[in-house]
Amino acid sequence: IALYFISCNESLNKNADALWNDGQKYRSEKKLKESIISYKTLIEKYPSNTFAAKAQFQIADIYLNDVKDFDFAIEEFQKVVDKYPENEFSKKSLFMIAYVYNNYLNAYSDAIDTYNLFVEKYPNDDLIPSVEFELDGLKDIQSTIDSLNSIVNKKSNI
């Protein structure tokens, strides 16, 4: 426990670049907890730094690709969207939320809604071809969802 607090105190005295580098180094060494601590310290200490949005994105990416906690990854990507709406990583995070819904959680309605939000917010983005590809793959599912919603709506009106 003492070692944990010492490492936390050490990270509190570092600048944003050092915290970013530590986060990267720890992740490459598969020290995920230490990596997340470095990134979170960077975000808390330097919320306006150019690395802050990128650090939040990295936390989400760790939960997605290393930990495989898809629900938590979505929460972490959503933090990028909410806290850094004008940052390039906000766009990437919104795309990743839809991608995780579609490809990991089979939450197709959420995926469709999020992809459509992406198209609405960023109609000329470089990711639009990827979004269109994903939405094209969801067309049959969208038809099924629409049919089921129609049935439910008819029954509720009876």
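All of the numbers you see were taken from the coordinates with simple rules; none came from a lab. Only a predicted model underlies this, so the values are computations on that prediction, with no experimental measurement involved.
General observations
- Full-extension gain in nm, N15 to E120, via 0.36 nm per residue minus C-alpha separation: 34.1 nm
- Estimated at 0.36 nm per residue, the fully extended path between N106 and S130 surpasses their Cα-Cα distance by 6.9 nm.
- For the range 21-102, projected area of the alpha-carbon convex hull averaged over all directions, nm²: 4.8
- The range 19-71, relative contact order [Cα under 8 Å, separation at least 6], %: 28
- Subtracting the Cα-Cα distance of S28 and K40 from their residue separation scaled by 0.36 nm leaves 2.6 nm.
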